[in-house]
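Take a look at the structure below.
The values are calculated or read from the model by the stated rules, or taken from the named source; none is laboratory data. Keep in mind that this is a model prediction, so the values were computed, not measured. When we count neighbours, we look across all protein chains shown, and the Cβ atoms used for this are built from the backbone with ideal geometry, even at glycine. We work out accessible area using only protein heavy atoms, side chains counted, and drop any ligands, DNA or RNA first. Shrake-Rupley method; radii C 1.70, N 1.55, O 1.52, S 1.80 Å.
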Protein chains: 4
Amino acid sequence: MSEVADLPTNWGRWGEHDERGTLNLITAEVRAQAVAEARTGRTVSISRPMPTSPIAAGPFAHPGADSIGAMQAVLFTGASPRGTAELIMMVPHHPEVTHLDSLVHQVVDGQVYPGIAFEEVVTPAGYRHGSTAVFADGILTRGVLVDLAADGPLPEGHGVTGADLEKACARAGVEMRSGDALVLRGGWNYAASRDRRIPGLTLDAVTWMHQHDVAIYAGDIGDGRPPVDPRVPGPLHRVALARLGMPLIDVADPTELAAACAEEGRSTFLFVAAPPRLGTASGVPVNPLAIF
Amino acid sequence: MSEVADLPTNWGRWGEHDERGTLNLITAEVRAQAVAEARTGRTVSISRPMPTSPIAAGPFAHPGADSIGAMQAVLFTGASPRGTAELIMMVPHHPEVTHLDSLVHQVVDGQVYPGIAFEEVVTPAGYRHGSTAVFADGILTRGVLVDLAADGPLPEGHGVTGADLEKACARAGVEMRSGDALVLRGGWNYAASRDRRIPGLTLDAVTWMHQHDVAIYAGDIGDGRPPVDPRVPGPLHRVALARLGMPLIDVADPTELAAACAEEGRSTFLFVAAPPRLGTASGVPVNPLAIF
Amino acid sequence: MSEVADLPTNWGRWGEHDERGTLNLITAEVRAQAVAEARTGRTVSISRPMPTSPIAAGPFAHPGADSIGAMQAVLFTGASPRGTAELIMMVPHHPEVTHLDSLVHQVVDGQVYPGIAFEEVVTPAGYRHGSTAVFADGILTRGVLVDLAADGPLPEGHGVTGADLEKACARAGVEMRSGDALVLRGGWNYAASRDRRIPGLTLDAVTWMHQHDVAIYAGDIGDGRPPVDPRVPGPLHRVALARLGMPLIDVADPTELAAACAEEGRSTFLFVAAPPRLGTASGVPVNPLAIF
Amino acid sequence: MSEVADLPTNWGRWGEHDERGTLNLITAEVRAQAVAEARTGRTVSISRPMPTSPIAAGPFAHPGADSIGAMQAVLFTGASPRGTAELIMMVPHHPEVTHLDSLVHQVVDGQVYPGIAFEEVVTPAGYRHGSTAVFADGILTRGVLVDLAADGPLPEGHGVTGADLEKACARAGVEMRSGDALVLRGGWNYAASRDRRIPGLTLDAVTWMHQHDVAIYAGDIGDGRPPVDPRVPGPLHRVALARLGMPLIDVADPTELAAACAEEGRSTFLFVAAPPRLGTASGVPVNPLAIF
């Protein structure tokens, strides 16, 4: 991407060793306004269910399920079972798992946000910088649904622009504010669309998010496959995550959220993400909630 | 426990096939009152951090870490790494992992809540009833900190009674209401106390929770080890979970919460638990949040 | 199977705590005669290849392979890879994996060979008796191919009898001797035949093996699915393994062996099985060799 | 190592796409002579036992075992167990696991034997070239014990030379022949010696093996830690494996073999290695046998 000048960046904005990135935008004022969005306590999940498969099913189970994001083995707990317990195996960064990317997930030019050499942060057992440790207290802010699929799924291969985002906000009568969680609905199911040209964000859309100081992104689309603009492949991961320091929730599912927003007559809500405190990874499964 | 007559029970209270148990107590009214607790948007985690260990670290890492609740392998993602990804393995029901028990976790007399034969619900790949699937939209209610460790950790081997809970509530000036999340602090670190007599709840305390229609329990203590009352071993798992249908958050850590409550001058808050949507297990790691 | 009187048994034949079962039949004389079978040093594998699948393939690999017996994750070994390493996961008792059953694998009437209560031998981490530990020095004896598929695969659902085995031996001009490894070819691929009635051994065949003091069994068929005789389901596992103490090599593949025997003009060979020294399991993947 | 001229190499000796390396030296004549070594059928394992640990032991087991090479979970097989089965996880290239390295294990200058670009052979799911697939029919050849520890373990940090090997052969009255398996005993337990300067082979010893056309190496020592000669670190992996194409059996244990050789009055035997047919890895656990 060396030919693309002036990529938006937050490297240095919050210091040379920053690990929070755009989460720094979630100020006390943003938080207070966010909780004011919660009135009835209705909760809506923005996560896909995470299907599990038996682990290499073995002689006592029906085998054959596809390799999927999480696998499970039911453990022996006594010749007369005293209870139940399982071993869970998962690859959080899986196209069927709703997961939260930490800032170490994307390497650009041998560096991770905000410009630290990858060799210095990676070990076979985890990461010294930019890991999921930063999500310890969860993420709470105002959420805004930006619905590009109100009239049906985005066209195949569509490159989402800043203008697309602007138009959807206007249509919903909402304005993006600094520190917001942007929840994007493109109407696509990533896992079920492997053979199609999945729409994705352009650099222009990422620049728009930067201008509006979005704190966190969640969507059912993200970077297109194949890239919607071959000159800037993967702008969400390679620019928003790696240069802006914006945590991403990949493979979200805002289908129910869109229905709930229609029922509630608003596009904003209290957004809460509280993934397990797995503190050494580059991704963690998450069930982000919209609270009305 | 056949000699103990009149164990409290909710079997049948919400039907013969119910999977929500005491979560049924979280009504629309309870939810509305719960979100009213959120004013500043300050969040506090009630989870222990989940340490990870390299998986059988291999030739390129320092080996030797103890076997712990979650293990992690950093995966190859390219000869020049394109990004980072990991395989995570975990046993949610581990004494170092803050986790949410679903109702299928405990078998009593060959049955699980609300009286279904264990053989009918278990498969090598997961459970047909009472699994973590019921937590899909998260759990939101009012949380109440019941702090038994305000003057220091509970004595070794102490059996917590209903009177203990009552007294702590009175001291904090709070009354337990139907549908509340009870967050108990005993001042113990389960994982670090294997060689000691860990305090735990008595049947009397479980009966008190039943009388107050507690919806969910989270604590740094739970069932004592060894049992605090040998006549009724494991009342939290064998009575509250299995007979009342009360989901349990085991191995919670309310240390920071107690400090935050002191600072905020109140013992109540918005309680939100949003574990990954792992829908076939008897337990799932969780990071419950207190929102002020 | 209580109605079946007089099941053949070796319980007590080699003591109450024996862990070797019919491997006791491999005497010094048997060994000496076995190595005399090795003349040219030609080796033929009696194992199926063990396919591996990526572990929950993740974002950087093509997903979608069926759940199979062994899974593999290529590990990170440096930002510029210093070498290669993998994590392997497997369920040895899988219908696509050639594996060696130890004597603790089959429980009958709550007991394992030679009559020890299952509760006494099992732990969540392995077995105290009858595990794969007994295979530490490998298994070496004379091997005999008994080819029931010389004229094509056995008919669907066929129940193999002692007379079938006798006839095949006569045809090949070979006599089964005490301590031999019996390698049976039925011409079936277990993993590819899930929807068909897979042929299997009858109790009569197991009795024949007992009369001839076979030390170990390997075959591409074993216990039929569904049982070839509903009155005695699973005679190979429930009688040969559990009562005779005969280790079984399940899911073998003697296809190449049959061709080699034809070329070599004989049905006997040096049989060597040397599985990894995994000493606490009830099964271990193995690549048994025929050496001519 | 660019300053070291004239490293011994077999790149090109058996073609540009060869995957067998020095196994090509095991000719029909070598095989025939090898089986002539087997007279009594006595077998001796050259493998360490592979300890297993419970996988993150969970609530029903005693936790705390160190992270080791192989982990095991006992699986649920029925509310009244029908049998036993386990999930096994292992990292074959582990300093406590006797394992067989395939030729893709070592990358030098971005290439693997015999000069193929690493990027072309590696995938997240395994390797396209130089994997363990080549071991399908096992390895059979004459084995020679070269005992450097007859008078006690090698001194700490000792660099084994060709002269050391020559002297030990002369002392045992044996001559290394083309195609032999060299089994080296240094008297060290790698896993128990992490804090000490483990002796290892020098480039001179590797050159000696090349001159004698050794087909495969197995030893309780290998490359020293730290390197015995900093100018040529890791000659066994970086020269013998990567340039000569010699499969290595790391972490072998010839202790029992040395005793058996003394009893039998000879240092040669039939060497058989038959690891599971795991066909996509860079290493596989193995139990190599010496057959007398």
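If you average the C-alpha positions of segment B:264-292 and of segment B:78-99 separately, how far apart do those two centres end up, in angstrom?
Taking the Cα centre of segment B:78-99 as reference, the centre of segment B:264-292 is 21 Å away.
In what order, largest first, do D:R277, C:R82, D:R128 sit by accessible area if the probe radius is 1.4 Å?
D:R128, C:R82, D:R277
Given that compact globular proteins tend to follow 2.2 N^0.38 Å, what is the ratio of the alpha-carbon Rg of the protein assembly as shown to that value?
0.99
With all protein chains present, calculate the accessible area of A:T280 using a 1.4 Å probe and round the result to the nearest 10 Å².
Solvent-accessible area, nearest 10 Å²: 40 Å².
Considering only DSSP beta bridges whose two residues both sit in chain B, what percent are antiparallel, to the nearest 5?
Close to 65 percent.
Mind checking the dipole of chain D: about its Cα centre, +1 per Lys or Arg Cβ, -1 per Asp or Glu Cβ, Debye to the nearest 20?
It comes to approximately 540 debye.
Exposed loop GluC sites (Glu not before Pro) only (DSSP loop, at most 12 other Cβ atoms within 10 Å): please give the longest stretch of chain C free of them, not including the sites.
Between the exposed loop sites, the longest stretch runs C:17-155.
Can you pull the one-decimal nm distance between simple spin-label points at C:A136 and B:K167, each 7 Å off the Cα toward Cβ?
With each label placed 7 Å out from Cα toward Cβ, I get 5.8 nm.
Over the C-alpha atoms of chain C, what are the Rg and the largest Cα-to-Cα span, Dmax, in Å?
19.5, 67
Taking the Cα centre of chain C as the origin and placing charges on Cβ (Lys, Arg +1; Asp, Glu -1), which of C:G21, C:G179, C:P81 is farthest toward the positive end of the dipole?
C:P81
Compute the length gained on full extension between A:D109 and A:D229: take 0.36 nm times their separation in residues and subtract their Cα-Cα distance, giving the result in nm to one decimal.
Here the answer is 41.2 nm.
Using a Förster distance of 25 Å, how high is the FRET efficiency between B:E175 and B:A36, based on the Cβ-Cβ distance and rounded to 0.05?
0.95
How large is the accessible surface of D:D253 in square angstrom, using a 1.4 angstrom probe and rounding to the nearest 10?
50
Among B:G41, B:G219, B:G115, which one shows the biggest mean-square fluctuation in a GNM of chain B, springs joining Cα atoms closer than 10 Å?
Result for chain B, Cα springs under 10 Å: B:G41 fluctuates most.
Accessible area per residue for segment A:151-292 in Å², computed with a 1.4 Å probe and the full protein assembly in place, what is it?
Values: 4700 Å² over 142 residues.
Each residue of segment A:151-292 exposes 33 Å² on average to a 1.4 Å probe.
Placing unit charges on C-beta atoms (Lys and Arg positive, Asp and Glu negative, everything else neutral), compute the dipole magnitude of the protein assembly as shown about its Cα centre in debye, rounded to 20.
It comes to approximately 0 debye.
Considering only the other residues whose Cβ falls under 14 Å of the Cβ of B:R48, what net charge follows from Lys and Arg at +1 and Asp and Glu at -1? Could the numbers behind the result be given before it?
Numbers: positive: A:R277, B:R185; negative: A:D137, B:E96, B:D220, B:D250, B:D253, B:E256.
Taking every Cβ under 14 Å from that of B:R48, the sum is -4.
Suppose we compare each residue of segment D:131-171 in its chain alone and in the full protein complex with a 1.4 Å probe; which ones drop by at least 50 Å² of accessible area?
Those residues are D:D137.
Using a 1.4 Å probe, how large is the accessible area of C:L75, given in Å² and rounded to the nearest 10?
For C:L75, solvent-accessible area is about 20 Å².
Restricting to DSSP loop positions (anything but H, G, I, E, B) with no more than 15 other Cβ atoms inside 10 Å of their own Cβ, which trypsin sites (Lys or Arg not before Pro) remain in segment D:184-233?
Numbers: sites: D:R185, D:R194, D:R196, D:R197, D:R231; in loops: D:R194, D:R196, D:R197, D:R231.
For trypsin sites (Lys or Arg not before Pro) across segment D:184-233 that sit outside H, G, I, E and B with at most 15 neighbouring Cβ atoms in 10 Å, the list reads D:R194, D:R196, D:R197, D:R231.
Rounded to the nearest 500, what is chain D's calculated 222 nm mean residue ellipticity when only DSSP H runs of at least 4 contribute -39500 (n - 2.57) each, over all residues?
The helix-only estimate for chain D comes to -4000 deg cm²/dmol at 222 nm.
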